[in-house]
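What follows is calculated from the coordinates using simple rules that are stated; it is not laboratory data. Small disclaimer: the values here were computed from a predicted structure and weren't measured. Positions of Cβ are backbone-derived with ideal geometry, glycine not excepted, and every protein chain shown enters the neighbour counts.
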Amino acid sequence: MPASIPRRPADRGPNRVELDARLSAELLSAMAGARRRAARDGDRQIDTAHLLHSLLESDQDVRLVFDAAALARLLGYLVQRSIGYGLQWQSAVEDSSGVPAVADAGWSPAAAFAMDAARKRSEKRGDSQARGLDLLAALTTDSECRAVEVLGRAGVQVADLETRIETAEDGAPDDT
C-alpha cells in the first residue's frame, strides 16, 4: 500500500498562490528568470546573483536606479559570470554567514531570505505586493551575498544604491 502524503496544516503559512499574489508581475518574472538561469548554468540552487541578473532584465524601475555606465558594467559582469567566468560559484551553495539556513529546495539560503525580506518590506510600506525595488533593497542588506559581491565588482556602492532606491520609491526625480 502506498504511503500517504501528509497534508500541510492551513496555519503553516501561505500557499504558492497566496505567495504569488504578494509579488508584482515584474518580480514574478524575475523569479522565473532566475530559476531558468540557474538551471541553464547547472547551478545547484538559485542564488542572489541569479535574482539580481533577472531583476535587471525584467524590471524597468530597478534599471532606472543605476546610471547608464554602472548598469552596463553590472550587466557585463553578470553575462560573463553566466557564460563561465563565475565558475567558482557554479555547483556551490551560496552561504552568507549572517543569513539563517533555510530548507527551501531550489533557493540558496540568502536568496530565500532576500525574497522574504522583500515581502516584509512591501508590507511595512503598506503595499500588498513586493516589487523589484523591494527585492533589490533586500539584496543589499546581506553584505556577504553574491549579489552584493557582483555589485561591488561592477563598481556600484551599496550605500549609494540604498539611497537611490529610497529616492526612486518616493517618486523624486533622479539626478543621474
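Brief remarks on what is shown
- Taking amide H as placed 1.01 Å from N in the peptide plane, the amide H of Ile46 sits under 5 Å from that of Trp107, Ser108, each at least 5 places away or on another chain.
- Peptides 150-158, 21-29, 110-118 ranked from most to least packed, by the mean per-residue count of other Cβ atoms within 10 Å: 110-118, 21-29, 150-158.
- Val158 versus Ala39: modelled label distance in nm, points set 7 Å from Cα along the beta carbon direction: 3.1 nm
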